[in-house]
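A.B. asks: The structure follows.
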Amino acid sequence: MRLVILDDYDAASEWAAKYVRNRIHKFKPGPEKYFVLGLPTGSTPLGMYKKLIEFHQQGKLSFKYVKTFNMDEYVGIPSDHPESYHYYMYENFFKHIDIDPANAHLLDGNAPDLVKECDSFEKRITDAGGVHLFIGGIGPDGHIAFNEPGSSLVSRTRVKSLAVDTIQANARFFGGDVNKVPKMALTVGVGTVMDADEVMILITGVSKAFALYKAIEEGISHMWTVSTFQQHPKALFVCDEDATLELRVKTVKYFKGLMHVHNQEVQD
Ligand code: PGA
């Protein structure tokens with residue numbers, strides 16, 4: 001497991017974007033060989049998406065031979081609803097890059113048979129050859145996608161009823177009305193993310209500091225689902241200084257001492 005500590009949110013976002021860019025370049029994708037990315041929504045990855053768009057606009061990065069799979073989607077809100085993850089992805093990323101919309105996969109929260117939709121999403125990932133790099137954010141309770149505390153650490157893509165806390169936290173996006181917040185979502189499982197060749201988790205801000213501590217300094221627990229990546233052969237946590245506030249000084253010092261190695265991964 002690697003922990004990359006940057007000064008602030010902007011630096012962490014830029015580092016993550018450069019990492020993705022270099023991974024894609026190194027893979028040399030083409031018509032016979034697509035690079036497969038797993039993608040998150042939320043406020044944390046916005047800075048990374050912005051940078052990736054910049055690289056694309058500067059002619060330094062193409063998504064022509066990239067396939068994407070998003071982590072989750074609400075059930076029962078139209079895909080053009082401003083809070084749907086379809087809308088988020090289109091507005092914040094896809095409309096600015098050269099990805100073929102047929103290669104940008106999102107779970108359909110309005111599918112007539114939701115279980116079938118989840119099973120077919122898993123199959124689409126398998127048919128694409130699996131995810132090369134799964135990028136995720138986490139919640140302050142250590143959730144990854146909608147795998148909230150208590151979720152099985154071997155879970156697959158499925159329908160989830162959202163915890164009351166999550167519904168209340170999300171009410172701010174629905175005019176403060178909890179009744180308007182979807183009560184269910186479709187989400188990849190922890191096992192789905194674990195199957196990726198590589199996992200990169202973005203963690204920024206003091207509100208995530210306790211979750212980062214639980215993720216890397218304590219044992220694996222289904223009450224902090226992100227902690228499961230301790231067992232992933234290639235897990236990378238990218239964070240800012242604020243997110244390290246609950247870590248031991250020794251941990252921070254150890255990983256900062258390796259930054260010269262990590263930075264080789266993001267060279268221009
Ligand atoms: P955030 O959400 O990036 O908006 O903090 C992350 C999450 O809850 O998974």
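The values are calculated or read from the model by the stated rules, or taken from the named source; none is laboratory data. Please read these numbers as outputs of a predicted model, since none were measured by experiment. Heads up, the Cβs are rebuilt from the backbone with ideal geometry, glycines too, and the neighbour counts pull from every protein chain shown.
A.B. asks: Among the candidates Thr251, Thr192, Thr204, single out the residue that is over 22 Å from Leu39 (Cα atoms) and touching a residue at least 40 places away in the same chain (Cβ under 8 Å).
C.D. replies: Values: Thr192 fails: over 22 Å from Leu39 (Cα atoms); Thr204 fails: over 22 Å from Leu39 (Cα atoms).
Exactly one residue qualifies, and that residue is Thr251.
A.B. asks: Also, quick follow-up: So Ala102 ticks every box in (1) touching a residue at least 12 places away in the same chain (Cβ under 8 Å); (2) out of contact with any Pro (no Cβ under 8 Å at 6 or more places or on another chain); (3) of a type in the set (A, V, I, L, M) but one. Which box is left unticked?
C.D. replies: So the condition that Ala102 fails would be (1).
A.B. asks: Regarding region 144-161, can at least one residue be identified that is more than 24 Å from Ala196 (Cβ to Cβ), at pLDDT 95 or above and surrounded by fewer than 17 Cβ atoms within 10 Å (Cβ to Cβ)? Full working, then the answer.
C.D. replies: Going residue by residue through region 144-161, those that are more than 24 Å from Ala196 (Cβ to Cβ) are 161.
Cutting the leftovers down to at pLDDT 95 or above gives us none.
Within region 144-161, none of the residues are more than 24 Å from Ala196 (Cβ to Cβ), at pLDDT 95 or above and surrounded by fewer than 17 Cβ atoms within 10 Å (Cβ to Cβ).
A.B. asks: Are any of the residues in region 169-177 buried (at least 16 other Cβ atoms within 10 Å of the Cβ), over 15 Å from Phe121 (Cβ atoms), within 18 Å of the chain's Cα centre (by Cα) and away from the ligand (no atom under 16 Å from the Cβ)?
C.D. replies: no
A.B. asks: Give region 140-158 a look and list any residue that's over 17 Å from Lys183 (Cα atoms) and of a type in the set (A, V, I, L, M), or say none.
C.D. replies: Within region 140-158, Ile144, Leu153, Val154 qualify.
A.B. asks: For a quick check of your reading of the model, give me the residue pairs whose first member lies in region 26-46 and is closer than 16 Å to Gly139 by Cβ, whose second is assigned to a loop (DSSP other than H, G, I, E, B) and within 16 Å of the ligand (Cβ to nearest atom), with beta-carbon atoms closer than 7 Å and at least 6 apart or on different chains.
C.D. replies: Hits for this filter: Pro40/Met71; Thr44/Thr204.
A.B. asks: Follow-up question, since we're still on this one. Which ones in region 110-136 are under 18 Å from the mean Cα position of the chain (by Cα) and crowded, with 19+ Cβ neighbours inside 10 Å?
C.D. replies: Within region 110-136, Cys118, Phe121, Ile125, Val131, His132, Leu133, Phe134, Ile135, Gly136 qualify.
A.B. asks: Sticking with this structure for a sec: Out of the residues in region 96-137 that are acidic (Asp, Glu) and under 22 Å from Ala185 (Cα atoms), which is farthest from the ligand (Cβ to nearest atom)? Give the derivation first.
C.D. replies: The initial filter retains those residues of region 96-137 that are acidic (Asp, Glu), namely 98, 100, 108, 113, 117, 119, 122, 127.
Still in the list and also under 22 Å from Ala185 (Cα atoms): 108, 113, 117, 119, 122.
Working: Asp108: 20, Asp113: 26, Glu117: 21, Asp119: 23, Glu122: 20 Å.
Residue satisfying both the conditions and the ranking: Asp113.
A.B. asks: Tell me, which residue of region 26-50 that is part of a helix (DSSP H, G or I) and away from the ligand (no atom under 16 Å from the Cβ) is farthest from Glu14 (Cα to Cα)? First the steps, then the outcome.
C.D. replies: If we filter region 26-50 for residues that are part of a helix (DSSP H, G or I), which is where we start, we get 26-27, 46-50.
Applying the additional criterion that residues be away from the ligand (no atom under 16 Å from the Cβ) yields 26-27.
Details: Lys26: 18, Phe27: 20 Å.
Taking the candidates together, the pick is Phe27.
A.B. asks: Considering each of Gly38, Gly42, Gly76 in turn, give the residue that is over 25 Å from Ile203 (Cβ atoms) and not hydrophobic (A, V, I, L, M, F, W, C). Lay out the reasoning, then the answer.
C.D. replies: Numbers: Gly38 fails: over 25 Å from Ile203 (Cβ atoms); Gly42 fails: over 25 Å from Ile203 (Cβ atoms).
On inspection, the qualifying residue turns out to be Gly76.
A.B. asks: How do the pairs read when you match residues in region 118-132 that are of a type in the set (Gly, Ala, Ser) with residues anywhere that are at pLDDT 95 or above and surrounded by fewer than 17 Cβ atoms within 10 Å (Cβ to Cβ), using Cβ under 8 Å and keeping only pairs 6 or more apart or on different chains?
C.D. replies: Correct list of pairs: Gly130/Asp197.
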